[in-house]
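Some notes on the structure that comes next.
The values are calculated or read from the model by the stated rules, or taken from the named source; none is laboratory data. None of the values given here were measured: they were computed from a predicted structure. Because the Cβ atoms are built from the backbone with ideal geometry, glycine has one as well, and the counts that use them run over all protein chains shown.
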Amino acid sequence: MVLPTNNIDPRGILVVDKPKGMTSHGVVTLVRRHFRIKKVGHAGTLDPNATGVLVLLLGKATKLSETFLNQDKEYEAVMKLGEKTDSGDSEGKVIKAREVCLTEDELQEVINDFRGDIEQIPPMFSAKKIDGKKLYKLAHKGLEVPREPVKVWIKEIEIKSVSIPMVHFRVVCSKGTYIRQLADDIGDALGCGANLAELRRIRSGEFDLEKAVAFDVLSKMGKEELHENILRT
């Protein structure tokens, strides 16, 4: 199927390299207002402190959102061992701290257990909704509600480098996987705790960073330049 573009109503896929500190909704809003496009959606959010591939769907391409949401994702991440936080990432309050005494082989053995089908309890600091309410809004009020575990698939997970307490790793996973929860669960399995220090999505389905437009470049584009960066499927 071909999604044509024109000067009035851009249609298609725009891949953005989301910067740290900005919400996915913020990127969508900027694109909608800056280019005066009525319909702009996305194919999977990124946490505000995460960077990387954010797939935007423009115009009639928003109808394809479910297709792209179901595709796997690839991330590069850094977790800090020895500190468990209430949010699962470095922005949260440290609720457990412990000295890290383990070898890279021991770390690899535990990480291997997280390959394949696993269950995750969605973190409170997430956009998941329960009874119509986003969990992170409840978490910011100091509330916690029961969450059912969700099955996700970790296709690949590998250690890129280790400099205790920091571990750089790569993950290929199914939709709905929370990398901050993965880091938290790995920390629990190691017995020392861990939190997610950095997260960068390098691929979403068939779209990778090579196809992405840097956000600072995007915010200065005119509509003609936008058309040149729209991908059609």
Inset, instruction - Identify the residue in segment 139-179 that is modelled with pLDDT of 95 or more and charged (D, E, K, R) and, among all such residues, is nearest to P123 (Cα to Cα). - result: K151
Legend entry - Some residue of segment 144-160 being surrounded by fewer than 20 Cβ atoms within 10 Å (Cβ to Cβ) and of a type in the set (F, W, Y): yes
Legend entry - When residues of segment 103-143 are limited to those that are under 20 Å from L46 (Cα atoms) and among the hydroxyl-bearing types (S, T, Y), the one surrounded by the fewest Cβ atoms within 10 Å (Cβ to Cβ): Y136
Legend entry - Those helices (runs of 4 or more DSSP H) lying entirely in segment 23-115 with at least 1 residues under 20 Å from Y136 (Cβ atoms), touching a residue at least 60 places away in the same chain (Cβ under 8 Å) and not hydroxyl-bearing (S, T, Y): 24-34, 65-69
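Taking the condition surrounded by 18 or more Cβ atoms within 10 Å (Cβ to Cβ), farther than 16 Å from L182 by Cβ and outside the structural domain of I154 (by TED's automatic domain parsing), does L56 pass?
yes
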Inset, instruction - Output the number of residues of segment 178-233 satisfying the condition of being part of a helix (DSSP H, G or I) and of a type in the set (V, I, T). - result: 3
Inset, instruction - Within segment 84-95, identify whether any single residue is touching a Leu at 6+ places or on another chain (Cβ under 9 Å), in the same structural domain as S161 (by TED's automatic domain parsing) and over 19 Å from A50 (Cα atoms), and answer yes or no. - result: no
